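Written below as structure tokens is the structure these notes are about.
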2 protein chains.
Amino acid sequence: MNNLNSTFSALADPTRRSILARLAQGESSVGELARPFDVSLPAISRHLRVLESAALIVRERRGKHRVCRLDARAMVGASLWLDFYSRFWSESFDRLDKHLKQTRQLKPGKGSSNANTKKR
Amino acid sequence: MNNLNSTFSALADPTRRSILARLAQGESSVGELARPFDVSLPAISRHLRVLESAALIVRERRGKHRVCRLDARAMVGASLWLDFYSRFWSESFDRLDKHLKQTRQLKPGKGSSNANTKKR
DNA sequence: TATTCATTTAACCGATATGTTATCTAACCT
DNA sequence: AGGTTAGATAACATATCGGTTAAATGAATA
């Protein structure tokens, strides 16, 4: 439904993330997807419904089976959202860092650098 | 706690995403953060606790106020996770596309291209 | 057509999430 | 000390989530 809402809440469940991991390697039927998990088939079926309504997978009837495929477009959307904030954050972090260096006369370099402030 | 779990479920709530949006523009006190929302202060306080335990914000007592700052490192982690799957997906999409072109002798170009298969 | 296989839907249950109001707690100000 | 301000915590109601078992659906097959 609502894009980010449903995307993030679908991704919040580890079983669903595992299912997506499996689907990243290729399409799969419901039964195959369920096998590695220790939960009932209806439970998996519901996870798949959640993933589908978050547009993270597509399902297609193929004969007696129902085949699921990953559709990562929603992930791209979520990733862009995250990137926007990360960038905003790291820029303000850089500004703060610079400000501290200026005002406190720190030696530039190792001491105040942070692995996560790299621009991407 | 568990990284992706808590990150994604913290991000699944629109109020919390709004709070993060506000914090991307700079630190803010709890009261300031609460003002634009139509919910009680305790509700906001709990949202902030969720964000803090997902390591998306840090809080610091400053006199009578408690100031919140964005910490986007967890977002970077989530974004990398998403990127991995998106890339995997678009590559296999490309393979499929190529395969179809080869086997069905489609004219390369417009017809079978898809805006979402671009490599990033 | 009856049976079987693959999966979904229904009905239910306990745990968790989100919101509310009322009650602390901690820092600041006379 | 006593009062005010800024937030957190407690106690509670309600909704949603994730799981279960039992029953229904829909396509393939004997």
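The values are calculated or read from the model by the stated rules, or taken from the named source; none is laboratory data. Nothing here was measured: the structure is a model prediction, and the numbers come from that model. Using ideal geometry, Cβ is built from the backbone for each residue, glycine included, and neighbour counts are taken over all protein chains shown. For accessibility, only protein heavy atoms count, side chains too; no ligands or nucleic acids. Shrake-Rupley method; radii C 1.70, N 1.55, O 1.52, S 1.80 Å.
Values as computed for the structure displayed
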item: Test: residue in region A:7-16 that is in a helix (DSSP H, G or I), modelled with pLDDT under 95 and under 16 Å from the mean Cα position of the chain (by Cα); result: no
item: Total residues in region B:52-71, condition touching a helix residue (DSSP H, G or I) at 6+ places or on another chain (Cβ under 7 Å), within 11 Å of DNA strand D (Cβ to nearest atom) and more than 11 Å from every other protein chain (Cβ to nearest Cβ); result: 4
item: Qualifying positions in region A:74-88 - within 14 Å of the chain's Cα centre (by Cα) and more than 15 Å from A:F8 (Cβ to Cβ); result: none
item: Qualifying residues in region A:2-34 (those that are open to solvent by 30 Å² or more (accessible area, probe 1.4 Å) and closer than 17 Å to B:T15 by Cβ) - the one farthest from the other protein chains (Cβ to nearest Cβ); result: A:N3
item: Contacts under 6 angstrom Cβ, first residue in region A:41-63 being touching a residue at least 24 places away in the same chain (Cβ under 8 Å) and closer than 16 Å to A:S6 by Cβ, partner assigned to a strand (DSSP E or B) and of a type in the set (V, I, T), 6 or more apart; result: A:L51/A:I57
item: In region B:23-60, the residues that are over 16 Å from the mean Cα position of the chain (by Cα) and either outside the structural domain of B:S9 (by TED's automatic domain parsing) or in a strand (DSSP E or B) (or both); result: B:S28, B:S29, B:V58, B:R59, B:E60
